[in-house]
1. Return one number: the angle in degrees, 0 to 90 and rounded to the nearest 10, between the long axis of the Cα atoms of helix A:5-27 and the longest principal axis of the Cα atoms of chain A.
2. If I stretch the segment between residue B:66 and residue B:206 completely, what's the gain in nm (0.36 nm per residue apart, minus their alpha carbon distance), one decimal?
3. Between A:21, A:138, A:96, find the one with the highest GNM mean-square fluctuation for chain A; connect C-alpha pairs within less than 10 Å.
4. Within a 10 angstrom radius of each residue's Cβ in B:168-174, how many Cβ atoms of other chains show up on average? Whole number is fine.
5. Just the number: Rg to Rh for the stretch A:33-107, Cα atoms, Kirkwood Rh, two decimals.
6. Looking at the P(r) of the stretch A:109-203, how many percent of alpha-carbon pairs lie beyond 20 Å?
7. Among B:236, B:114, B:266, determine the one that fluctuates most according to a GNM of chain B built with springs between C-alpha atoms less than 10 Å apart.
8. Can you tell me the orientation of helix B:144-159 relative to chain B, as the angle in degrees between its alpha-carbon axis and the longest Cα principal axis, to the nearest 10?
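What follows draws every value from the coordinates through simple rules; no lab data is involved. These figures come from a predicted structure and were not determined experimentally. So basically every Cβ, Gly included, is an ideal-geometry build from the backbone, and we count neighbours across all protein chains shown.
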Ligand code: SF4
Ligand code: SF4
Ligand code: SF4
Ligand code: SF4
């Protein structure tokens, strides 16, 4: 087989185009990574392994897995991301079982974390301390206490299961864009949560 | 039912299965990975990319690729002919004239013969003498899809992300269905719903012959299909009009892949056959069939590599 000029140009062109796409992907990577399904907390590892097959989202009995959108970056689109507004994670491991690339791993809810919960500015107790304690009542792990009428999450206990987000009554009916609005409590990956706490955005 | 209608039905089935996975918790998946539990076929390109990007090989993925290879060895490149959503994109963009346009775009095989030549040619074929008749006017250079495949390998390895998945028209069309579903079910509004179709249209408008010049998945299936010996189309020369001296080329013209069943060594290799059945449907003498095991074997260049009488390209 002899290589022609045309072959050479095709090879260079295709490589340049695909590297360009990936380059834009790198540039549009958002710092605000969403919470990933169990065992996918190393974002780089997850990006390399997930083939966006949709099986984990489909099988989740709690409907707590959603899909990423292009506005969050080229890499984010179609990647599974936790949407706790629809349900919590029960660590049932069904998603782990169907993942064809081991992008997901079973985790120990007593040790490992999907992320951690933080109280946002939409929490009802900002305006009216003592008016709500749903998150404390529903947390399966007892990670939330009420201090001075306001919820406080013990981030060493919280594993990010999302039950508090799922049931938080704040801003449930006020949203235009279904899932994307922030509730009174939200779960973020640990590093994102830490940054938001440091910035004073959440507590 | 025309073969094209049958294939559309099969292709629609893919979207039905994905929709089932949206309506119920089937976990069956999408073309990227499809099956039950760990017994799921994996897109061969996704498998390569995932292994390169994560620099690892996992057991479920190995099971998946084994399944895909096994299916492709038996069925050939059926994914491309029957299931791939590209058929809908091409139809949507091309409108009614798509078949004629495909015809005009295809590299032609201008082997014309006079009646005696045709009959002598048939006698040679029936006697089992397959040799190169004339070089077809296939464009110079090798199949550009291999270069795209190489580019996918390089970019995926460098960036550590399955790069082709980001622009894969198959993945994007399934992703679009998922996003439309979630728009209705959860009122989830996203630009993705506009961006994905735009990317797909752009790809097929810029590269009108996307499947034949770009798609690395198609050529991967073609590579695996070199092991395929079953369900190869064959010509029965007791019925073929060429045996009577008529220079009939209906099956050749109908083949979207550019295979000439009479002169398979001069045309695109039989391993790229998608079993689309166009040649079967079009033959005026009903001479073409696709049996499980062909009696009159339509050879591929790899079958005959032992006695090559002409230099290979
Ligand atoms: S572990 Fe179970 S509940 Fe949690 S995300 Fe996976 S499938 Fe859903
Ligand atoms: S099952 Fe695995 S590969 Fe498929 S979308 Fe989920 S995480 Fe990605
Ligand atoms: S996410 Fe909420 S409910 Fe789950 S452990 Fe943390 S605080 Fe508790
Ligand atoms: S040889 Fe026949 S079945 Fe195969 S791709 Fe061509 S037209 Fe379709």
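1. Its long axis makes an angle of about 10 degrees.
2. Values: separation 140, 0.36 × 140 = 50.40 nm, distance 3.43 nm.
Going from the current span to full extension adds 47.0 nm.
3. Evaluated over chain A, the most mobile residue of the options is A:21.
4. Working: counts 3, 0, 0, 6, 3, 0, 4.
What the average comes to for B:168-174 is 2.
5. On the way: Rg = 11.0 Å, Rh = 12.0 Å.
Ratio of gyration radius to Kirkwood radius for the stretch A:33-107: 0.92.
6. Numbers: 1354 of 4465 pairs.
More than 20 Å apart: 30 percent of the Cα pairs in the stretch A:109-203.
7. Most flexible of the set in this elastic network: B:114.
8. 30
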